[in-house]
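Data first, discussion second: the structure below is written as structure tokens.
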């Protein structure tokens, strides 16, 4: 059985997104808006881009599986969106965990013939 190699591109993407995330946190106020062709884009939306990239690439590198990186990235981003919308009841976290554990079991189950 062949072992999977860790792809260096995931690690490079994780480091770059971590640096961008730290720069956004340290130097940009959260109320800043960027206007792109007369459309104001809040900095809060741009904050999620490096968070999603970091939460995808680091687990994809460590676990050697982009599928697990996508699931973990979706979980973290949905959890942060729930917190942003004020949905802080512990039941939401339990439901989110149950959803993603079910998805994990669905994607990793072997098809029996």
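The values are calculated or read from the model by the stated rules, or taken from the named source; none is laboratory data. Everything quoted here is computed from the prediction, not taken from an experiment. Positions of Cβ are backbone-derived with ideal geometry, glycine not excepted, and every protein chain shown enters the neighbour counts.
Select from region 100-113 the residues that are loosely packed, with under 14 Cβ neighbours inside 10 Å and either at positive phi or in a helix (DSSP H, G or I) (or both) and list them in ascending order.
Let us first name the residues in region 100-113 that are loosely packed, with under 14 Cβ neighbours inside 10 Å, namely 101-102, 105-113.
Correct list: 101, 102, 105, 106, 107, 108.
Output the qualifying pairs, or none if there are none: Cβ atoms under 6 angstrom, residues six or more apart or on different chains, first residue in region 6-24 and at negative phi and touching a residue at least 40 places away in the same chain (Cβ under 8 Å), second residue surrounded by fewer than 16 Cβ atoms within 10 Å (Cβ to Cβ) and in a helix (DSSP H, G or I).
none
Return yes or no: is residue 65 out of contact with any strand residue (DSSP E or B) (no Cβ under 6 Å at 6 or more places or on another chain) and at pLDDT 95 or above? Lay out the reasoning, then the answer.
On the way: out of contact with any strand residue (DSSP E or B) (no Cβ under 6 Å at 6 or more places or on another chain): yes; at pLDDT 95 or above: no.
For residue 65, the condition - out of contact with any strand residue (DSSP E or B) (no Cβ under 6 Å at 6 or more places or on another chain) and at pLDDT 95 or above - is not met.
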